[in-house]
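Engineer: The structure's right below; bear with me while I get my questions together.
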Amino acid sequence: MKKIIRFGIMAYLLIGTLPSMAQFYYDFVDTCSPSQVMYYSITSDTIPYTVKVHGGYDTTGHLNIPDTVRRGNRLFKVTSIQQMAFYQDTTLISVTLPANISNIERLAFGSCPNLNTIYWNAKNVTNYTSGNYHPFYNCMAIRNVIFGDSVRIPDHAFENTYINSVIIANTTTYIGNYAFANSSSIMAITLPEGIEHIGHH
């Protein structure tokens with residue numbers, strides 16, 4: 001009886017950590033540059049047209065997710081990133097998140113061992129998984145995060161990381177709860193004069 005229970009628990013844990021089947025489904029492929037390929041699923045086929053990133057690669061290691069992508073005669077906003085889309089990608093060195101992104105799902109960039117720098121231009125991320133499944137969980141090499149203009153830094157954004165340098169634009173007014181909690185490598189953060197909200201830390 002004990003063996004059956006243990007097996008049941010292990011099966012549950014394993015299934016719970018696997019990506020959904022949706023990760024392997026996409027509607028179209030786009031070649032953003034000679035070095036970069038991205039996979040998308042359509043999340044809104046009516047105005048405003050939107051898509052989700054399901055994965056991709058950049059042979060240079062510097063992934064630049066576009067703000068918009070064209071399919072036929074329609075221009076789609078890139079608004080979300082699928083869970084585990086770039087999970088354990090050993091080639092990633094840096095990632096640029098575009099302004100339109102509002103949803104970054106769990107482990108989207110989890111366990112990328114060489115990911116060093118994040119250029120965060122996503123202005124209003126409202127869906128961001130916290131705890132042990134946050135999008136950059138276990139990215140041990142991240143050292144630099146550069147936030148662009150008018151960015152709303154979400155809850156738990158870089159909790160439990162080894163970041164050294166954080167640059168926050170002067171136009172940022174909101175920092176969420178535990179955004180940099182337990183990130184003991186940060187020596188100092190310069191806050192903009194116009195900051196209006198700093199969450200729990």
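Engineer: Given a 1.4 angstrom probe, what's the average accessible area per residue across the chain, in square angstrom? Mind dumping the intermediate values first?
Structural biologist: Numbers: 10720 Å² over 201 residues.
Value for the chain: 53 Å² per residue.
Engineer: A further question follows. Only loop residues by DSSP count here, and only those with at most 13 other Cβ atoms within 10 Å; note down the GluC sites (Glu not before Pro) in region 100-195 that meet that. Don't jump to the answer; show the numbers that get you there.
Structural biologist: Working: sites: E105, E159, E193; in loops: E105, E159, E193.
Answer by residue number: E193.
Engineer: Could you tell me the ratio Rg/Rh of region 45-135? Both radii from Cα atoms, Rh via Kirkwood.
Structural biologist: Values: Rg = 13.0 Å, Rh = 13.4 Å.
Over the Cα atoms of region 45-135, Rg/Rh equals 0.97.
Engineer: Next up: Counting just the Cα atoms, what span does region 33-79 cover along each of its three principal axes? Round to the nearest Å and put the largest first.
Structural biologist: Computed over region 33-79, the largest-to-smallest principal extents equal 34, 18, 13 Å.
Engineer: So what does K77 come to for accessible area, using a 1.4 Å probe and Å² rounded to 10?
Structural biologist: 90 Å²
Engineer: Ranked from the most accessible area to the least, with a 1.4 Å probe and all protein chains present, what is the order of F180, F136? Please report the intermediate quantities before stating the final value.
Structural biologist: Working: F180 35, F136 0 Å².
Solvent-accessible surface, decreasing: F180, F136.
Engineer: Using the scaling law 2.2 N^0.38 Å as the reference, what is the normalised Cα Rg of the chain? Mind showing how you got there, number by number?
Structural biologist: Working: Rg = 17.8 Å, N = 201, 2.2 N^0.38 = 16.5 Å.
This ratio for the chain stands at 1.08.
Engineer: Taking only DSSP H segments of four or more residues, each worth -39500 (n - 2.57), what value at 222 nm results for the chain once the sum is divided by all its residues, to the nearest 500 deg cm²/dmol? Each step should come with its number before you reach the end.
Structural biologist: Details: 1 runs with 16 residues, N = 201.
When only DSSP H runs of four or more count, the value is -2500 deg cm²/dmol.
Engineer: Once you charge only the Cβ atoms, +1 for Lys and Arg and -1 for Asp and Glu, what is the size of the charge dipole of the chain about its Cα centre, to the nearest 20 debye?
Structural biologist: Details: 12 positive and 12 negative charges, 126 e Å.
Charge dipole of the chain: 600 debye, to the nearest 20.
Engineer: At 1.4 Å probe size, what's the solvent-accessible area of R71? Round to the nearest 10 Å².
Structural biologist: R71 exposes around 110 Å² with every protein chain in place.
Engineer: On average over all directions, what projected area in square nanometres does region 97-197 have, based on the convex hull of its Cα atoms?
Structural biologist: Values: hull surface 21.5 nm².
That works out to 5.4 nm².
Engineer: With every protein chain kept in the model, how would you rank M187, M140, M38 by accessible area, 1.4 Å probe, largest at the top?
Structural biologist: Values: M187 170, M140 90, M38 0 Å².
Ranked from most to least accessible, the order is M187, M140, M38.
Engineer: Another question, then. Compute, for S184, the solvent-accessible surface of its heavy atoms (probe 1.4 Å) with the complete set of protein chains present, and express it in square angstrom to the nearest 10.
Structural biologist: 100 Å²
The values are calculated or read from the model by the stated rules, or taken from the named source; none is laboratory data. Note that the structure is a prediction, hence the values are computed from the model and not measured. In this analysis, Cβ positions are derived from the backbone assuming ideal geometry, glycine residues included, and neighbour counts consider all displayed protein chains. When the accessible area is computed, the model is the full protein with side chains, heavy atoms only, and any ligands, DNA or RNA have been set aside. Shrake-Rupley method; radii C 1.70, N 1.55, O 1.52, S 1.80 Å.
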